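Take a look at the structure set out below.
Please treat every number below as a calculation from the coordinates, not as lab data. Predicted model, so just to flag it, every value in this text is computed and none were measured. Neighbour counts run over all protein chains shown; Cβ positions are idealised from the backbone, glycine included.
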Amino acid sequence: MKALLVAGARPNFMKIAPLYRAAQAYENLECLIVHTGQHYDYAMSQTFFDDLELPEPDHYLEAGSGSHAEQTARVMVAFEKVCLKEEPDLVIVVGDVNSTLACSIVAKKLLIKVAHIEAGLRSFDLTMPEEINRMVTDSISDYFFVTESSGLDNLLREGKSEDAIFMVGHVMIDNLLHQVEKLKDCDTSGFAVAELKQRHKQYLFMTMHRPANVDDPETLKGIVDCLNKIAEDYPIFFPVHPRTAKMLKQFKLKLADNIFCFGPLGFRESLYLWQDAIAVLTDSGGLQEETTALGIPCLTLRENTERPVTIELGTNILAGNQPDGIMKAYRQLSKFFPVAGSLVERRECLVPKWDGQAAERIWRILLP
Ligand code: UD1
């Protein structure tokens, strides 16, 4: 079998790494990596390929930034050429970014089977571009690989055949568990953030990049005011996404001195910081799940989540993006703080099948 493994943006790289690694065990499988170039800066892309032990992609599409239509169209045009040249039996797309949508449409129109990893997640919020990407991708996929029971319920409700849905666990957690072990043997003294971590025994870790949080000046100002208040209790370590950096500058918003900002981090440096944080503040989808897997308290700066299992387990709290909600959620979350360290010790599999074996399960299903 020849399979194309598609990745475009930062959160995709963590998901293709375990699939690529597990693929090497099969002689009857040729697995090629296609990088669409949706994320292209060294810190948003190459550093992940290095940390995650991924080889150079077989195809790099140079899609770059732009409006959603421009970006999606550029990926589609370039990916169609790759499919025509490679004639794969299968295209594997992960997650919910524009590249996921673009490549699934191209493959399906060329009558190539499509497997969607992380299928069935729904926020029911169509103002999120990712929700549209998830729904369209799932409407044309042939195989649905599901991470949590809500994904299964959503797909069945949407009329998908039970035979095409597979609850396999989560490839992103495969990667996380692999990297937690790697980090134990890694010399971290060269990390740019090592000195910062040594100086502060207790800290919060923060990421934020969603348009709903950073593109509107009033909303971003409200969030910044809350962060400045929270930083009176604990220092906040904040790797800043390019979009957020641009908006903070444009709206002339000032973060407190106790908020330590730096550029985007590679996977290992980021994990090195957040796995020992007393809590994580984020609007990322993946970090909600990764903190859940390691039992770390998480405050999510969103009104909803397409990953309800993270809420059900109690480690993740939805705060919304308005000051009252954020401060209320922070007070609620701070009840966990004295036990945060011991929560991290409880690394048994908290969600069914989030055990590091998802990629193996996927290939066993896909390969004849
Ligand atoms: C994309 C995904 C989002 C994911 C996020 C992770 C979509 C619709 N969104 O959002 O689901 O959570 O990635 O980061 O696919 N930029 C750079 N360097 C880069 C890449 C981007 O400076 O390497 C800047 C550009 O100014 C660009 C902006 O960041 O316009 C946004 O990038 P884009 O890929 O459009 O969306 P993200 O906000 O990163």
Report task. May I ask you to order 246-256, 170-180 by the average number of other C-beta atoms within 10 Å around their residues, highest value first? Result -> 170-180, 246-256
Query raised in the report: When Rg is the radius of gyration of the Cα atoms in region 189-336 and Rh is its Kirkwood radius, what does Rg/Rh come to?
Result: 0.93
Query raised in the report: Counting pairs of alpha carbon atoms under 8 Å apart in space and at least six apart in sequence, what relative contact order in percent does the chain give?
Result: 16
Query raised in the report: Can you give the helix-only mean residue ellipticity at 222 nm for the chain, where every DSSP H stretch with n ≥ 4 adds -39500 (n - 2.57) and the sum goes over all residues, rounded to the nearest 500 deg cm²/dmol?
Result: -13500 deg cm²/dmol
Query raised in the report: Taking a quarter of the surface of the Cα convex hull of region 175-235, what do you get in nm²?
Result: 6.1
Query raised in the report: Given a cut-off of under 8 Å on Cα pairs at least six residues apart, what relative contact order in percent is computed for region 189-336?
Result: 24
Query raised in the report: Expressed as an acute angle from 0 to 90° and rounded to the nearest 10, what is the orientation of the C-alpha long axis of helix 285-294 relative to the principal long axis of the chain?
Result: 70
Report summary line: Note: the chain, point scatterers on Cα, Debye, no solvent; log10 I/I(0) at q = 0.11 Å⁻¹ equals -0.74
Report task. State to the nearest 20 debye the size of the charge dipole of the chain about its Cα centre, where the only charges are +1 on K and R beta carbons and -1 on D and E beta carbons. Result -> 680
Report summary line: Note to self: C-alpha centroids of region 15-94 and region 207-238 sit apart, in Å, by 32
Report summary line: With Cα coordinates, the longest principal axis of the chain makes an angle with the long axis of helix 129-140, in degrees rounded to 10, of 20
Query raised in the report: Taking N as the number of residues in region 98-257, what value does Rg over Cα atoms divided by 2.2 N^0.38 Å take?
Result: 1.35
Query raised in the report: So what are region 35-162's ellipsoid semi-axes, whole angstrom, largest first, if each one is the square root of 5 times an eigenvalue of the alpha-carbon gyration tensor?
Result: 24, 17, 15
Report summary line: GNM of the chain, Cα pairs under 10 angstrom: of ASP51, ASP41, ASP185, the biggest fluctuation goes to ASP185
Report task. Can you give me the P(r) profile for region 135-200? Cα pairs, bins 10 angstrom wide beginning at 0, each as a whole percent. Result -> 17, 31, 17, 16, 17, 2
Requested in this report: For helix 98-109, report the angle its Cα long axis makes with the longest principal axis of the Cα atoms of the chain; keep it between 0 and 90° and round to the nearest 10°.
Outcome: 10
**Report entry** Assigned charges on the beta-carbon of Lys, Arg, Asp, Glu; region 24-101 dipole about Cα centre (debye)
**Finding:** 360
**Report entry** Cα convex hull of region 78-149 - mean projected area over all directions, nm²
**Finding:** 4.6
